[in-house]
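Student: Structure incoming, see below.
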Amino acid sequence: CLEPIFDVEDTATFLCCGNKVCIGCSTSLTATADATCPLCRARFPSESEQLRIIQSKAEEGKAWAQYKLGFTCSTGSLGIIADERKGELLVRKAVDQGYSNAQFYLGLLELSRDNHSEARRLFETAASQGHMSAVGQLGTLYLLRDGVERDDTKAVRLLTI
């Protein structure tokens, strides 16, 4: 579709050219063998090439690549053995650069550890950048969670955006 993208978490970055497209376009385009990027016409990289590119971009300090490599390390995809600690360290580098997807992901991780105040801080930061999943999670946090002061007014406002 190549329509304008308004919701930052619903995007994928093409490794060939660094352009962002919606998840639907990315999934359908990369599902075929010998697929090429509609934006730069390069062939989509194999998994091993993807890992090499992501590692290189992460070393250059690109926040999206640090997040992607951290997530890849945490989940054990692209042929990497899962290492949650290493993955979290990489995600934190992206968080430090203000990357909203990383802030949201780390917020979920902190929430799973019952660190609600840190999760709230991360969700608020991501939400302020337009990350709609963070907005929803923040609303739910205000409505349901112990450890964070319940605020029904904020919850309703956030959950009805």
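The values are calculated or read from the model by the stated rules, or taken from the named source; none is laboratory data. Everything numeric here is computed off the predicted structure, so don't read it as measured data. Quick reminder, even Gly has a Cβ in these numbers, built from the backbone with ideal geometry, and neighbours come from all protein chains shown. Ligands, DNA and RNA are stripped out before the accessible areas are found, and what is left, the full protein with its side chains, is counted by its heavy atoms. Shrake-Rupley method; radii C 1.70, N 1.55, O 1.52, S 1.80 Å.
Student: Could you state the accessible area per residue of the chain in Å², with a 1.4 Å probe and every protein chain left in place?
Tutor: With the other protein chains kept in place, the chain gives 57 Å² per residue.
Student: Next question, about the same structure. Using Cα positions and a limit of under 16 Å, work out the lysines in reach of K20, with same-chain residues fewer than 8 apart set aside.
Tutor: Partners found: K57, K62, K68.
Student: Right, something else. So for each of 38-48, 53-63, 94-104 I average, over its residues, the number of other beta carbons within 10 Å; can you give me the resulting order with the highest mean first?
Tutor: By packing density, highest mean first, the sequence is 94-104, 53-63, 38-48.
Student: Answer with one residue from L39, L143, T72: the one whose Cα lies farthest towards the positive end of the charge dipole of the chain, charges on Cβ with Lys, Arg +1 and Asp, Glu -1.
Tutor: The Cα lying farthest towards the positive end belongs to L39.
Student: Return the FRET efficiency for the residue pair I81, I23: r is the Cβ-Cβ distance, R0 is 25 Å, and the value is rounded to the nearest 0.05.
Tutor: Plugging the Cβ-Cβ distance into 1/(1 + (r/R0)^6) gives 0.45.
Student: Here's another thing I want to ask about it. Modelled label-to-label distance, I53 and Q129, 7 Å Cα→beta-carbon offset: nm?
Tutor: About 2.1 nm separates the two model spin labels.
Student: Full extension from K154 to C40: what is 0.36 nm times the residue separation minus their Cα-Cα distance, to one decimal in nm?
Tutor: Length difference between fully extended and current span is 36.7 nm.
Student: Now a separate question. Evaluate the distance, in nm, between pseudo-label points positioned 7 Å from the Cα of D96 and of S117 along their respective Cα→Cβ axes.
Tutor: Computed distance between label sites D96 and S117 equals 2.3 nm.
Student: With +1 on each Lys and Arg Cβ and -1 on each Asp and Glu Cβ, how big is the dipole of the chain about its Cα centre, in debye rounded to the nearest 20?
Tutor: 280 debye
Student: Further, regarding this structure: By its C-alpha gyration tensor, with a ≥ b ≥ c as the square roots of the eigenvalues, how is the range 53-127 shaped: rounded for a/c under 1.5, else prolate for a/b larger than b/c, else oblate?
Tutor: Working: a/c = 2.78, a/b = 1.44, b/c = 1.94.
Oblate, because a/c is 1.5 or more while a/b does not exceed b/c.
Student: So what's the back-of-envelope 222 nm ellipticity for the chain, counting only DSSP H runs of four-plus at -39500 (n - 2.57) apiece and dividing by all residues, rounded to 500?
Tutor: Helix-only estimate at 222 nm: -18000 deg cm²/dmol.
Student: Sticking with this one: Sorting check: for 17-25, 133-141, which peptide has the highest mean count of neighbouring beta carbons within 10 Å, and how do the rest follow?
Tutor: 133-141, 17-25
Student: Could you tell me which residue out of T13, N101, A82 lies farthest along the dipole of the chain toward its positive end? Charges go on the beta carbon: Lys and Arg +1, Asp and Glu -1, centred on the Cα centre.
Tutor: Among T13, N101, A82, the one farthest towards the positive end of the dipole of the chain is T13.
Student: Sorted by accessible area with a 1.4 angstrom probe, largest first, how do T36, T13 fall?
Tutor: From most exposed to least exposed: T36, T13.
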